[in-house]
Amino acid sequence: MKVGISAMKSLRDGRVIMETQNKNEIELLCSNINDKCSQLLEAKIQKPRNPRIVIYNIPEEVDTGNAEGIITTQNPELMLNAGEVMPKFTYRGKWNAMNMVTEVGPKTRQKTLNTKLKVEWHICNTRNYIVVNRRYKCSRFNHKAGDCRGEETCPICMGNHNIKGCTAPTCDYKCVNCVNFKKYN
C-alpha cells in the first residue's frame, strides 16, 4: 500500500490507533482494512472533537433546548448559523449562578471568546471549558478511582498521608506530578 504509519497505540479495550503523515494515507489505509478484513475488523477515521466553551451567568429561563436559538438571534454581529452552537449541559457555579457548557466549531469559538454574548437580558462572559480529572488518593491526573493503583500521596508534600494530615512547612512543598515529569523528561 506504501503507507507510512508514524505512530501506533493499542488501547485497553482492544482498539488500535494509527497515525499517518497525511490524510490521503489514512483514507487509503482505512479503505483497504475495510475491504479486506471487514468480517474481523472495522476501521474508522477519527474526527477531531469540537471545542467546548462555558457561558457564565445565563438566565434561569434558558435551557439546553432553547439556548441555541436565543444565542444566534440575539447576537447577529457574530453571524452564527443554525447548528454552530450545540448546548450540552448546565451547572450551578459560584454564588448559585447558572452556567452553560456548549460545543462549538473552531471559528465560532474564536468569535465567542472575543466578545460578550447577549442572552435574554444578560451580558455573559465566555471561556474555554477545560476539565482535568485528578485522583485525590494518589494526586495524579486523568484516571478514575476504579483504575487507581497508586499509594496514598499528599498533594502538598508527597508524603504517605492525605492532605488533611499534612503538617509540612512551606519549604518542603513538592508536587508529585512535577517530580515525576522531571524524572522522566
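The values are calculated or read from the model by the stated rules, or taken from the named source; none is laboratory data. On a predicted model such as this, the values are computed, not experimentally measured, just so you know. Ideal geometry is used to build each Cβ from the backbone, glycine not excepted, and the neighbour counts take in all protein chains shown.
Some notes on this structure:
- Among (1) exposed (fewer than 14 other Cβ atoms within 10 Å of the Cβ); (2) closer than 30 Å to residue 123 by Cβ; (3) touching a residue at least 24 places away in the same chain (Cβ under 8 Å) - the single one residue 94 does not satisfy: (3)
- Selection count, the stretch 127-184, where residues are at pLDDT 80 or above, within 26 Å of residue 52 (Cα to Cα) and among the small types (Gly, Ala, Ser): 1
- Remark: pairs (first residue in the stretch 21-42, assigned by TED's automatic domain parsing to the domain that holds residue 2; second residue surrounded by 11 or more Cβ atoms within 10 Å (Cβ to Cβ) and of a type in the set (Val, Ile, Thr); Cβ separation under 7 Å; 6+ apart in sequence or on different chains) = 25/3; 26/20; 28/3; 29/3; 29/20; 41/33.
- On inspection, residue 17 fails the criterion of being under 30 Å from residue 111 (Cβ atoms), in contact (Cβ under 8 Å) with a residue 12 or more places away in the chain and not in a loop (DSSP other than H, G, I, E, B).
- Selection within the stretch 68-88 - buried (at least 17 other Cβ atoms within 10 Å of the Cβ) and not acidic (Asp, Glu): 70, 71, 72, 75, 78, 80, 85, 87
- Any hit, the stretch 142-157, residues being touching a Cys at 6+ places or on another chain (Cβ under 8 Å), in contact (Cβ under 8 Å) with a residue 24 or more places away in the chain and not polar (S, T, N, Q): no
- Cβ-Cβ under 7 Å pairs, at least 6 apart or on other chains, the stretch 59-73 side polar (S, T, N, Q), far side in a loop (DSSP other than H, G, I, E, B): 72/80; 72/82
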